[in-house]
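Asks: Take this structure, written in structure tokens, and hold onto it; I'll ask about it next.
The values are calculated or read from the model by the stated rules, or taken from the named source; none is laboratory data. These numbers were taken from a predicted model, which means no experiment stands behind them. Every residue, glycine as well, gets a Cβ built from its backbone with ideal geometry; the counts of neighbours run over all protein chains shown. With ligands, DNA and RNA removed, areas are computed over all heavy atoms of the protein, side chains included. Shrake-Rupley method; radii C 1.70, N 1.55, O 1.52, S 1.80 Å.
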Amino acid sequence: MMLTNRSSRVLAPSQSGSRRAAVMVRASTSFPGSKVEQWLKTPFDIASFGPRATLGALLSMPEKLQSLQTDVERVTLLVQDPRSVEEKQQLVLQEVEDQLVTFLERGATIESDILANLKVLLPPDVTKQLDELIPPPPNSQPVVPEFEVEEPMVIYTADAVLESQIASEMTEIKHAVEGVKAALEELRGNSDAARAGMLRLNLKEARDILARRLQETAPGSAPAGTSSDASLSAAAREATVLLDEVDAQFFM
């Protein structure tokens with residue numbers, strides 16, 4: 001899939017007419033297509049482009065179904081935007097590219113996990129051949145050479161696994177809370193009536209993500225009375241208070 005840059009100038013809302021509508025687009029110094037090009041640098045990347053994107057799309061399907069109404073509203077606002085067709089095309093290309101890269105990243109992550117598990121079962125010479133044949137995906141972290149040091153065996157107990165799960169849940173809740181706060185601050189500080197609809201939509205999308213994170217957090221997952229239980233409960237309370245505040249002010 002080749003996306004070309006049709007304009008290098010900074011996009012801005014048209015000043016013609018008395019009314020203006022605004023569609024929020026993340027600021028980016030790259031032109032449409034440059035992000036996807038990172039995933040087409042090697043023959044293997046080209047051959048695995050379709051499978052990676054397809055796998056990532058399948059993994060993202062539940063989330064995309066939940067945000068379908070928000071996506072439709074976003075498209076409606078874009079259609080009503082008074083900017084030129086060319087500028088709208090640039091916005092659409094950026095949105096499509098960002099979504100495609102997200103699919104590629106998720107698909108490549110699963111691919112890397114499968115290869116890592118497979119290499120454990122293979123002889124060292126076969127593993128070496130696989131490493132030479134299959135380059136790491138663009139979103140992988142560079143491997144830092146380490147000196148071989150004998151370390152004591154780590155035994156993962158049920159408590160250790162539970163602690164890791166709780167830490168992951170708390171991180172997801174924290175990120176979702178930060179997203180709601182950022183959207184709320186931007187909406188409250190907005191003085192342009194034309195942007196209010198899109199900013200309100202952004203807040204609703206962030207609010208729904210936070211609500212899903214709270215629903216996905218298993219109640220009582222941390223042992224009662226432990227520091228993990230207290231931390232998770234505090235994070236959940238903060239998120240709930242924030243949701244109630246947003247709902248009471250904007251969505252009731």
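Asks: If you rank 121, 100, 133 by how much accessible surface each has, with a 1.4 Å probe, what is the order from largest down?
Replies: 121, 133, 100
Asks: Could you tell me the calculated FRET efficiency between residue 66 and residue 113, based on Cβ-Cβ distance and R0 = 22 angstrom, to the nearest 0.05?
Replies: 0.35
Asks: Still on this structure: At 7 Å along the Cα-to-beta-carbon direction for both residue 80 and residue 241, put a label point, then send me their distance in nm to one decimal.
Replies: 3.6
Asks: Just order 65-75, 173-183, 44-54 by mean Cβ neighbour count inside 10 Å, highest at the front, would you?
Replies: Answer by packing, highest mean first, reads 173-183, 44-54, 65-75.
Asks: In nm, to one decimal, how far is the modelled label at residue 234 from the one at residue 249, with both set 7 Å along Cα→Cβ?
Replies: 2.4
Asks: Semi-axes of the equivalent ellipsoid for region 29-121, please: Cα gyration tensor eigenvalues, times 5, square-rooted, ordered largest first, whole Å.
Replies: In descending order, the three semi-axes are 31, 18, 7 Å.
Asks: With 28 Å as the limit, write out which pairs from 41/204; 64/181; 41/128 have Cα-Cα distances beyond it, or answer none.
Replies: Going by Cα-Cα distance, 41/204 fall outside the 28 Å limit.
Asks: Could you work out how far apart the two model spin labels at residue 99 and residue 188 are, taking each label as a point 7 Å from the Cα in the direction of the beta carbon, and quote it in nm?
Replies: For the pair residue 99/residue 188, the computed spacing is 3.2 nm.
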